[in-house]
Amino acid sequence: MTAPNAAHNSGQAVFPHRALEVLMISAGTPLDDIAEAFMDRGAAAVLDHAPDLVRLDRDQLAALPSLPYSDAGFSRRLLREQLNPATSDSSRPLALIRRQLDWLTGAAAWQPRSVLHPLCGPGSYAVALRERGVERYTGIDAGPAVVAHAGQRLHGTEGFTFLRGDVTDPGLLGPAQPAGTHAPGRGFDSLLLSYDALNFFTPRAAVRMLAPLVDRLHDGGTAVFDVLLAEDGAPGFDDGRRAQLCPRGGLFHARPHLLLSEGFALPDGSAVGHRMIAVDTHGPRVAGVHHSILMIPTREELTHTLRTAGLRAGLVGRPFHDQNDPNLLRHLVVAHTGRRPGNRRRTQ
């Protein structure tokens with residue numbers, strides 16, 4: 001399994017906004033030899049500093065170079081992947097989103113009029129929610145091309161807004177509505193985190209991210225999470241090594257490169273992911289190193305995270321349980337605000 005939006009890089013110079021690594025192989029070493037060394041011994045064979053990922057804890061994994069969603073070039077390449085109807089690796093096709101929302105409507109009577117959608121992607125959920133009568137929607141994403149496309153897709157739809165920024169930025173949405181109020185145009189009926197978005201955060205980071213967003217919900221509001229749980233296992237997850245020449249560039253880099261990837265899973269199953277090494281095929285043998293990691297909570301751990309952020313977990317289901325695509329074997333969790341006027345949330 002490739003994690004959603006998984007092939008993603010940042011750096012400087014050749015790889016903007018991502019720290020570069022000099023390969024422990026001379027500049028004239030053939031790419032075939034680099035690939036063979038990597039396939040034999042992994043990242044340690046080609047990089048001077050390559051920690052053994054299975055020996056790290058989740059906080060250490062979260063501190064590794066992550067995916068450059070805000071990089072303009074990467075965002076353009078990612079958007080092409082997200083709009084590819086033949087795959088669910090980077091985004092859910094509209095037909096599956098509609099089915100997911102059908103399940104929420106039938107099983108949870110989920111019919112919000114206003115939705116806050118962090119990590120919203122290219123606007124497919126917004127389209128489907130508009131079809132279902134949602135009147136006000138705010139989507140947030142870090143990718144400039146992704147946000148621009150979503151805005152164009154919903155152009156002219158009153159009440160639908162897309163913001164480019166970091167979902168953890170407390171100032172992005174402006175002041176929260178006072179607790180216990182339900183003022184028109186302020187606050188939301190529901191919070192939506194789709195396609196493993198919550199899995200990008202450790203439990204502590206998830207609380208810090210969620211608590212200010214839960215503050216945006218009306219009393220009695222809901223939150224919906226499309227999340228991979230430990231009880232799901234890691235269906236389709238590939239923890240092997242791969243070496244692929246990308247002569248016309250690709251998602252990780254616009255120029256020709258050799259892409260080296262290796263999967264891993266922590267022994268206790270609490271995190272899975274990939275380390276990707278993009279080796280420039282021109283000039284010095286310089287590599288950009290990046291990581292795509294999913295934190296996998298147990299159902300009990302998720303319940304605790306949601307409670308700490310001010311939510312009470314309710315319905316849990318798997319609307320795609322009959323699908324063969326491992327990217328669809330996720331749980332949908334519907335939670336409710338537990339807030340009352342004057343309540344204070346504890347953050348960790």
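Some notes on this structure:
- Here segment 1-40 is the region considered, the condition is being at pLDDT 85 or above and under 29 Å from the mean Cα position of the chain (by Cα), and the residue that is least open to solvent (accessible area, probe 1.4 Å) is PHE38.
- Answer from ALA271, ALA206, ALA234, ALA309 - the residue that is over 23 Å from GLU36 (Cβ atoms) and at pLDDT below 90: ALA234
- Positions within segment 127-143 being of a type outside the set (Lys, Arg), assigned to a helix (DSSP H, G or I) and surrounded by fewer than 22 Cβ atoms within 10 Å (Cβ to Cβ), in sequence order: VAL127, ALA128, GLU131
- Residue within segment 114-123 that is open to solvent by 40 Å² or more (accessible area, probe 1.4 Å), more than 20 Å from the chain's Cα centre (by Cα), farther than 25 Å from ASP71 by Cα and not β-branched (Val, Ile, Thr) present: no
- Selection within segment 289-312 - of a type in the set (A, V, I, L, M), in contact with a Lys or Arg (Cβ under 8 Å, 6 or more places away or on another chain) and not in a loop (DSSP other than H, G, I, E, B): VAL289, MET295, LEU306
- Condition check for ALA313: under 24 Å from ARG58 (Cα atoms) and surrounded by 15 or more Cβ atoms within 10 Å (Cβ to Cβ): yes
The values are calculated or read from the model by the stated rules, or taken from the named source; none is laboratory data. Because the structure is a prediction, the values reported are computed rather than measured. Cβ: placed from backbone, ideal geometry, glycine included. Neighbour counts: every protein chain shown. When the accessible area is computed, the model is the full protein with side chains, heavy atoms only, and any ligands, DNA or RNA have been set aside. Shrake-Rupley method; radii C 1.70, N 1.55, O 1.52, S 1.80 Å.
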